[in-house]
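Scroll down for the structure; my scribbles are underneath it.
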Amino acid sequence: MEPKSIPGFRSVPRTGVIFVTHEAARHGFSYDSPLWANLGQGSPETGDIPGAPQRILDVSISESSRQYSPVAGNKRLCQAVAEFYNATYRSGKESKYTADNVSIASGGRLALTRLASALGDINMGHFIPDYTAYEELLSVFKAFTPIPILLEAKNRYKIPVADLKEEILGRGLSALLVSNPCNPTGQLMEGAELSAWCALARECQCSMIFDEFYSHYIYTNHQAKKPKMISAAAFVEDVERDPIIVVDGLTKNWRYPGWRISWTLGPKAVMEAIASAGSFLDGGANHPFQNAALPLLDPPNAAAETLAIQKHFLKKRDLVLARLKKSGITADASPAGAFYVWANLSKLPPPLDDGMNFFRECLKERVIVVPGVFFDVNPGNRRSLMRFKNYCRISFGPELEKLELGLAAIERVIAKFKRGD
C-alpha cells in the first residue's frame, strides 16, 4: 500500500543510492553477494588499506556513556574536534575554535537537517548537480526558499567568484550550501579559490555551509609525501563573526560510515541554534561511539589515514577512468576529490546513452550505478525539465576486487549493445 493512500501521509522519495540498491535487490543483489559489484555506493571501503592506521574493532561502553549524550555532543569530543581544526588549519591564527564552536550529530544528513531547521525565512542557494539527499532536505523545511545555481560541463562544473557574487546579490541569498569536494562531479575548491569564497561570505554577509565530507580525498597532491586536507576553516578570520559553517565527520574521511558520527563547526550562536533543533529532532548522537572517536582525531593519526586514502584511492580513480575511457565513457572533468566519476554516457550506443537505461542494463550484469537524473537537485519538483539524463555516477569507493568485477560487467553491457545482441 502506498503511503499517500493513508490519510495524512505523503509519498516520500528515495535518494538515488537507496533507489538503485532497492531496485538491485529485486534482481538478487545483497551486500554480501560475491557476484555483485555496487559501484553506486556512497561509502568508502572500510577495511585495511596500505599505510593506514589499524582499524578500531572494539568499542568499550563506560558507565557514563550508557546515559544520553548532551544534545550538542560529548564535551571531550567537541574539544578534540576544535583542537584538530586549530592544529590542522589554524596554526598561527589568533582566532581559535573551542568546544563551544562544535556540535556533534548522528551523521552528515542529520547535521545538515539540524542546520536547515534552524534557518529563517530566507533564500538559500544550492548547486546542481549535487548530492541527491539535498533534494528532500531542501524541500521539507518551508521557512526558506531553495534557489538553484546551475554548474555547467563547459566550465568544468565550477563557478567564478565574480559570477557567484552576482548570484548572491541578484537572488538575495542569505545562505549557500556547498559540497567541497563535490558529490558527484569530484570538483574541488582549494587555496586562493576557496579563500575567495570565504571572503565573499564575509563581504556579502551570506552564510556558507561547507559540506566537507570528502575533504581528505584529494588527488591534486601527486607527490604524496604529506597528506593534503582541505577546509574552509583555514580561511576563517574570526571564528565567531565569519558566517562560515563546516560539516564533516567520521563517515568518509576516517572510513567509519557505520558509526554515524559527524560534527558541525562554526560560530557559537549557530551551534546553540542547531543544538536547540537537535533537542526536538533527534536528542543527541550515539554516546559510546563519541568516546571511541577521540583517538581518531589525533592529528598524526588523521594525517596517516589521509595519506593512505590519497595514495590508495588515486590508484583506484586512475584505474576506473582508464577502463571507462576504453569503453567510450568519458568524464567532462576528471575528479580532483571525492571517490566518484561523473560519467558522460552520450557517446554510447542507444539506449545506453540514457542514464536510467544504462542503470537497468547494468543490473542484468550484476553491477550497480546511479543515474544522473538523481543529482538534478529539484526541491519540491518545481522544475519539470530533467537534466543529466546522459550521465551516471560511478563510485570507486569499493575494494579493488569489487571495482574490477564491476568494470568488467560494464564492459560486457556495452559490448553486448555494440554487437547488437
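The values are calculated or read from the model by the stated rules, or taken from the named source; none is laboratory data. In this text, all values refer to a predicted model and were calculated from it rather than measured experimentally. Neighbour counts run over all protein chains shown; Cβ positions are idealised from the backbone, glycine included.
Could you please find all residues in region 156-192 being within 20 Å of Pro335 (Cα to Cα), loosely packed, with under 14 Cβ neighbours inside 10 Å and free of Cβ contacts under 8 Å to residues at least 60 places away in the same chain?
Correct list: Pro160, Gly191, Ala192.
Report the residue count in region 50-96 for those that are aromatic (Phe, Trp, Tyr) and in contact with a Gly (Cβ under 9 Å, 6 or more places away or on another chain).
1
Could you list, in sequence order, all residues of region 14-57 that are of a type in the set (Asp, Glu), part of a loop (DSSP other than H, G, I, E, B) and in contact with a helix residue (DSSP H, G or I) (Cβ under 9 Å, 6 or more places away or on another chain)?
Glu45, the sole residue that qualifies.
Within region 341-359, how many residues turn out to be farther than 12 Å from Val369 by Cβ and part of a loop (DSSP other than H, G, I, E, B)?
Keep residues of region 341-359 that are farther than 12 Å from Val369 by Cβ, which gives 344, 346-351, 353-354.
Filter again for part of a loop (DSSP other than H, G, I, E, B), leaving 346-351, 353-354.
The total comes to 8.
When you go through (1) more than 30 Å from Pro129 (Cα to Cα); (2) of a type in the set (A, V, I, L, M); (3) within 23 Å of the chain's Cα centre (by Cα); (4) outside the structural domain of Ala232 (by TED's automatic domain parsing) one by one for Ala37, which number turns out not to apply?
Condition (1) is where Ala37 drops out.
Please find, within region 315-330, the residue that is nearest to Pro227 (Cα to Cα) out of those that are surrounded by fewer than 17 Cβ atoms within 10 Å (Cβ to Cβ) and aliphatic (A, V, I, L, M).
Leu319
Look at Val367 and say whether it is surrounded by fewer than 24 Cβ atoms within 10 Å (Cβ to Cβ) and in contact with a Gly (Cβ under 7 Å, 6 or more places away or on another chain).
Details: surrounded by fewer than 24 Cβ atoms within 10 Å (Cβ to Cβ): no; in contact with a Gly (Cβ under 7 Å, 6 or more places away or on another chain): yes.
Considered against the rule, which asks whether it is surrounded by fewer than 24 Cβ atoms within 10 Å (Cβ to Cβ) and in contact with a Gly (Cβ under 7 Å, 6 or more places away or on another chain), Val367 comes out as no.
Please verify whether region 273-281 includes one or more residues that are in a loop (DSSP other than H, G, I, E, B), surrounded by fewer than 22 Cβ atoms within 10 Å (Cβ to Cβ) and either modelled with pLDDT under 95 or out of contact with any Ser or Thr (no Cβ under 7 Å at 6 or more places or on another chain) (or both).
No: region 273-281 contains no residue that is in a loop (DSSP other than H, G, I, E, B), surrounded by fewer than 22 Cβ atoms within 10 Å (Cβ to Cβ) and either modelled with pLDDT under 95 or out of contact with any Ser or Thr (no Cβ under 7 Å at 6 or more places or on another chain) (or both).
Are any residues in region 288-307 aliphatic (A, V, I, L, M), crowded, with 19+ Cβ neighbours inside 10 Å and part of a helix (DSSP H, G or I), and if so, which ones?
Ala292, Leu296, Leu297, Ala302, Leu307
Could you run through region 221-240 and say how many residues are within 9 Å of Tyr89 (Cα to Cα), in a loop (DSSP other than H, G, I, E, B) and not small (Gly, Ala, Ser)?
Qualifying residue count, region 221-240: 2.
If I ask for residues that are assigned to a helix (DSSP H, G or I) and either at negative phi or within 20 Å of the chain's Cα centre (by Cα) (or both), which ones from region 370-398 would you list?
Gly372, Val373, Phe374, Phe375, Pro379
Taking the options Gly337, Gly406, name whichever one is within 23 Å of His27 (Cα to Cα), buried (at least 21 other Cβ atoms within 10 Å of the Cβ) and either not polar (S, T, N, Q) or not assigned by TED's automatic domain parsing to the domain that holds Phe19 (or both).
Criteria check complete, one pass: Gly406.
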